[in-house]
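Remarks on the structure that follows.
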Amino acid sequence: MKNGAAAKSAEDDLPGGRPADPEPMLGVVIVTYESAKVLPGLLDSLRDGLSGIERYRIVVVDNDSSDDSPLVAASHDMRPEVLRMGRNAGYAAAINAAAAKIGDDANLLILNPDIRLLPGSARILCDALSDPAVGVAVPKALAETGEMLLSLRREPSLRSAWTDALLGTRLAALLGTGEIVADPKLYAEGGTVEWATGAILAVSARARRIAGEWDESFFLYSEEVDYLQRMRQHGFRVVYAPDARAIHIGGAYHDNAFLSALMTANRIRYFRRLHGPLATMLFKLSIIIGETLRAPLGPGHRAALRAAVMPQR
């Protein structure tokens, strides 16, 4: 049922002699697709990254990679379980499949394969989840250079969409009006956030049971926005725990026309679910104007523009 350290009772006596509930097992979910080059680095980081976690289970769920991702996982000395989807089912579907395999009584640590978990970070995130009000905990994300990444986000709104479009995401973030959160105090001290990029999320067992599965209709992008919105809707907090740290190698999606178009289409689909036709039209218009201004900068912006102009299903 688990890898790593041997299980033992973690119960402490409470006043009155009643034992504390044992901490839930931690299910580590890694979604792979053509990830053979980056996956070993993540698996190498888990031994120290999971330090202090007594019970854990690692599941690598593969979205029909044509490279050796499943074999790389199966041969690693962390001995993860490998779940083959048999098709490229998308990020949300892969998470749901791994979560079902692990069971609903476990906390989950969901990781992209290009994450490098720094020592003790899983313990810090699980400590944050011990608060019954907390449904999701996220760490400080770092670039390979050690520079802090702005990984926190505001719920998409007309204000954030239009200021991002007209001012650019960097300036809008600095002004506190864009979707990207740049508040230095929050990044230094931690606190409650609306959502964070989905490359690394720790989710409590109790919140999982209430919020339900990830929405597989998104395939890739906006699935974490939807999931964390539902967490907040059910009364759970999403917290940023800066003492937990992870390196995120990441990639420039604007260089990839397909991914840029998919991200744009899913942004609009998500917004439309929560807002009326007029607000959605204005949201789309902000994207159209913003991507028109940036179309000379690369094929990703031009693909995003085409996706925004096209009708969304």
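For this structure, a couple of remarks:
- Scanning region 206-219 for residues that are of a type in the set (A, V, I, L, M) and surrounded by fewer than 20 Cβ atoms within 10 Å (Cβ to Cβ) gives a single hit, 210.
- The residues in region 269-302 that are free of Cβ contacts under 8 Å to residues at least 24 places away in the same chain and assigned to a loop (DSSP other than H, G, I, E, B) can be counted, and the count is 2.
- Residues of region 168-186 that turn out to be closer than 17 Å to residue 237 by Cβ and surrounded by 18 or more Cβ atoms within 10 Å (Cβ to Cβ), as a count: 1
- Positions within region 47-59 being among the acidic types (Asp, Glu) and crowded, with 17+ Cβ neighbours inside 10 Å, in sequence order: 54
Per-residue answers, yes or no, for (1) free of Cβ contacts under 8 Å to residues at least 60 places away in the same chain; (2) farther than 20 Å from residue 226 by Cα; (3) within 17 Å of the chain's Cα centre (by Cα):
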{"site": "90", "(1), (2), (3)": "no, no, yes"}
{"site": "95", "(1), (2), (3)": "no, no, yes"}
{"site": "98", "(1), (2), (3)": "no, no, yes"}
{"site": "102", "(1), (2), (3)": "no, yes, no"}
{"site": "110", "(1), (2), (3)": "no, no, yes"}
{"site": "113", "(1), (2), (3)": "no, yes, yes"}
{"site": "118", "(1), (2), (3)": "no, yes, yes"}
{"site": "135", "(1), (2), (3)": "no, no, yes"}
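- Of all residues in region 213-228, at least one satisfies being in the same structural domain as residue 110 (by TED's automatic domain parsing) and more than 16 Å from residue 93 (Cβ to Cβ).
- Residue in region 134-142 that is assigned by TED's automatic domain parsing to the domain that holds residue 40, more than 15 Å from residue 205 (Cβ to Cβ), touching a His at 6+ places or on another chain (Cβ under 9 Å) and surrounded by fewer than 20 Cβ atoms within 10 Å (Cβ to Cβ) present: yes
- Counted residues, region 228-243 - those being surrounded by 16 or more Cβ atoms within 10 Å (Cβ to Cβ) and either part of a helix (DSSP H, G or I) or of a type in the set (Ser, Thr, Tyr) (or both): 6
- Whichever residue in region 105-119 is part of a loop (DSSP other than H, G, I, E, B) and in contact with a Gly (Cβ under 7 Å, 6 or more places away or on another chain) and, among such residues, is surrounded by the fewest Cβ atoms within 10 Å (Cβ to Cβ): 119
- Residue among 246, 261, 265 that is part of a strand (DSSP E or B) and either modelled with pLDDT of 95 or more or not assigned by TED's automatic domain parsing to the domain that holds residue 91 (or both): 246
- Listed by position, the helices (runs of 4 or more DSSP H) inside region 131-191 whose residues that are under 27 Å from residue 293 (Cβ atoms) number at least 1 are 158-167, 169-175.
- Sole exception among (1) surrounded by 16 or more Cβ atoms within 10 Å (Cβ to Cβ); (2) of a type outside the set (Phe, Trp, Tyr); (3) not assigned by TED's automatic domain parsing to the domain that holds residue 228 for residue 151, by number: (3)
- Total residues in region 142-182, condition touching a helix residue (DSSP H, G or I) at 6+ places or on another chain (Cβ under 9 Å) and among the charged types (D, E, K, R): 5
Yes/no per residue for (1) in contact with a helix residue (DSSP H, G or I) (Cβ under 6 Å, 6 or more places away or on another chain); (2) surrounded by 16 or more Cβ atoms within 10 Å (Cβ to Cβ); (3) farther than 17 Å from residue 203 by Cβ; (4) free of Cβ contacts under 8 Å to residues at least 24 places away in the same chain:
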{"residue": "30", "(1), (2), (3), (4)": "no, yes, no, no"}
{"residue": "41", "(1), (2), (3), (4)": "no, no, yes, no"}
{"residue": "45", "(1), (2), (3), (4)": "no, yes, yes, no"}
{"residue": "61", "(1), (2), (3), (4)": "yes, yes, no, no"}
{"residue": "82", "(1), (2), (3), (4)": "yes, yes, yes, yes"}
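The values are calculated or read from the model by the stated rules, or taken from the named source; none is laboratory data. Predicted model, so just to flag it, every value in this text is computed and none were measured. Cβ atoms come from the backbone with ideal geometry, glycine included; neighbour counts cover every protein chain shown.
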